[in-house]
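Everything below concerns the one structure shown next.
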Amino acid sequence: MEGTGALFQILRDGVPRTRSELATITGLGRSSIAQRVDALLGSALVGPAGEATSTGGRPPAQFAFNPSARITLAVDVGATHVRLAVTDLAAHVLVTDWHSIDVALGPEKVLRLVIERGRELIAEASRDVGALIGVGIGLPGPVEHATGKPRNPPIMPGWDGFDVPAFVGAELGATVIVDNDVNVMALGERFVGFRDVDQLLLVKVATGIGSGIISHGELHRGADGAAGDLGHIQVPNGEHALCRCGNRGCLEAVASGAAVAVALRESGLEVATSRDVVALVRAGSVAALHAVRDAGRTIGEVLASAVSLLNPSVIVIGGSLSMAGDPLLAGVREVVYRRSLPLATANLRIVQAAAGDRSGVIGAACLVIDDVLAPAAVDRYVS
């Protein structure tokens, strides 16, 4: 029913309201409100929420968003792992799982795992695949947002142009929305810790480095979905470092978790991954502490330019290397606050990710929820 989706957006905050309150908010007549509320009740997207206080006579019934009406499958694909979660329509995680798998194995093997384990997780959540309203997927490479297809991803051989939404959708029978993993993380971090922040920059420091940009409360993807590719900005004095993109001196080749691990390994320490670096920092390794802080300073050099260009109010540092905590953040803050204009940093916060390693799946859930619960989509759903 046309207009029902717009009414539903008011109820998505979860606050119970009466028909009369909805009529006052929207300016619609009581009969129009009654028809739309009945349609939402019939879809189960809205449910009864008790009675309001009576001002005389029978207390009026209240209605509220019912997040348990349907579920999403949220998927965070990394370079060496896949994290999955089943969530309700408020992006609350019901069950989650993590698997080690190399994204270089190709789309069919990785996505087959997603599909099979996704079905199992839905069952573990005591739900049926028929309750699945959509699948959100974050991929560790550039994604053409309009089609959901990866485009020339440097660490994903065999994925270029692969129709991820069609492959997964055919198996699970639901809408599939795909985006770059860092964009998805930015959505997750904003949902968890910064819902009132409209200008946010999420920086993922892991095997690679990337950023997700929230501008005016919306993801900024750029003309072709390539915005935020922070890791391939050239840094001073980095000419020696060959990047996996084929260029030299990229930020990722100098300051990513993988780059720090290589440097420490060359100094004689037993370290292979970002998580190994974090373990050394937590164990008090002076070499690891210095290496991580230096990485933070190098990242700060690039972020200082981003602050001048974008003027975010919050920079969130996430990804596996961010688990090192203060040494990385201190290095970033040291340079950003020194190199950026006072007006741009007067109210700037630079913080560690609030959602931790769940930001990807929470953001993937938000990605698909915002699509399938948009006004036009709800109008089609309840018709």
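The values are calculated or read from the model by the stated rules, or taken from the named source; none is laboratory data. What you see is a predicted model; the values in this text were computed from it and never measured. For neighbour counting, all protein chains shown are included, and Cβ atoms are generated from backbone atoms with ideal geometry for every residue, glycine included.
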Does Ser20 meet the test of being over 30 Å from Ala364 (Cα atoms), touching a residue at least 24 places away in the same chain (Cβ under 8 Å) and touching a Gly at 6+ places or on another chain (Cβ under 9 Å)? no
Condition check for Thr273: out of contact with any strand residue (DSSP E or B) (no Cβ under 8 Å at 6 or more places or on another chain), at pLDDT below 95, within 23 Å of Ala241 (Cβ to Cβ) and among the β-branched types (Val, Ile, Thr): yes
Restricted to the stretch 191-219 and to residues being within 22 Å of Val93 (Cα to Cα) and of a type in the set (D, E, K, R), the residue surrounded by the most Cβ atoms within 10 Å (Cβ to Cβ) is Lys204
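Kindly indicate which of Gly231, Gly222, Gly188 is surrounded by fewer than 24 Cβ atoms within 10 Å (Cβ to Cβ) and either outside any strand (DSSP E or B) or of a type in the set (D, E, K, R) (or both). It would help to see each step written out before you state the result.
On the way: Gly231 fails: surrounded by fewer than 24 Cβ atoms within 10 Å (Cβ to Cβ); Gly188 fails: surrounded by fewer than 24 Cβ atoms within 10 Å (Cβ to Cβ).
Being surrounded by fewer than 24 Cβ atoms within 10 Å (Cβ to Cβ) and either outside any strand (DSSP E or B) or of a type in the set (D, E, K, R) (or both) holds for just one of Gly231, Gly222, Gly188, which is Gly222.
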Flag if Ala170 is surrounded by fewer than 24 Cβ atoms within 10 Å (Cβ to Cβ), without any contact (Cβ under 8 Å) to a residue 24 or more places away in the chain and of a type in the set (Gly, Ala, Ser): yes
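To keep it simple, each residue is scored yes or no on (1) closer than 30 Å to Arg244 by Cβ; (2) in contact (Cβ under 8 Å) with a residue 24 or more places away in the chain; (3) surrounded by 15 or more Cβ atoms within 10 Å (Cβ to Cβ); (4) not assigned by TED's automatic domain parsing to the domain that holds Ser126.
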residue: Gln9; (1), (2), (3), (4): no, yes, no, yes
residue: Val37; (1), (2), (3), (4): no, yes, yes, yes
residue: Leu40; (1), (2), (3), (4): no, yes, yes, yes
residue: Ala79; (1), (2), (3), (4): yes, yes, yes, no
residue: Ala85; (1), (2), (3), (4): yes, yes, yes, no
residue: Asp88; (1), (2), (3), (4): no, no, yes, no
residue: Val95; (1), (2), (3), (4): no, yes, yes, no
Condition check: among the small types (Gly, Ala, Ser), modelled with pLDDT of 90 or more and either in contact with a strand residue (DSSP E or B) (Cβ under 8 Å, 6 or more places away or on another chain) or more than 19 Å from Gly138 (Cβ to Cβ) (or both). Does Gly231 satisfy that? yes
Selection from the stretch 132-146 of residues that are surrounded by fewer than 24 Cβ atoms within 10 Å (Cβ to Cβ) and in contact with a Leu (Cβ under 8 Å, 6 or more places away or on another chain): Leu132, Ile133
Residues satisfying the stated conditions in the stretch 138-189, i.e. within 19 Å of Glu116 (Cβ to Cβ) and in contact with a Cys (Cβ under 8 Å, 6 or more places away or on another chain): none
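With under 22 Å from Leu303 (Cα atoms), of a type in the set (A, V, I, L, M, F, W, C) and more than 29 Å from the chain's Cα centre (by Cα) as the only criterion, which of Ala255, Ala283, Ala241 stands out? Please lay out each step first, then the result.
Details: Ala255 fails: more than 29 Å from the chain's Cα centre (by Cα); Ala283 fails: under 22 Å from Leu303 (Cα atoms).
Answer to the check: Ala241.
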Exactly one of these conditions fails for Gly161: (1) touching a strand residue (DSSP E or B) at 6+ places or on another chain (Cβ under 7 Å); (2) not assigned by TED's automatic domain parsing to the domain that holds Pro107. Give me its number. (2)
Filtering the stretch 19-34 down to residues that are assigned to a helix (DSSP H, G or I), out of contact with any strand residue (DSSP E or B) (no Cβ under 9 Å at 6 or more places or on another chain) and crowded, with 16+ Cβ neighbours inside 10 Å yields Ala23, Ser32, Ile33
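When you look at Arg349, is it of a type in the set (Lys, Arg), modelled with pLDDT of 95 or more and farther than 22 Å from Ala174 by Cα, yes or no? Show your work before the answer.
Details: of a type in the set (Lys, Arg): yes; modelled with pLDDT of 95 or more: yes; farther than 22 Å from Ala174 by Cα: yes.
Yes; evaluated as a whole, the condition is true for this residue.
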Could you list, in sequence order, the residues of the stretch 245-260 that are assigned to a loop (DSSP other than H, G, I, E, B) and either crowded, with 16+ Cβ neighbours inside 10 Å or β-branched (Val, Ile, Thr) (or both)? Cys245, Gly249, Ser256
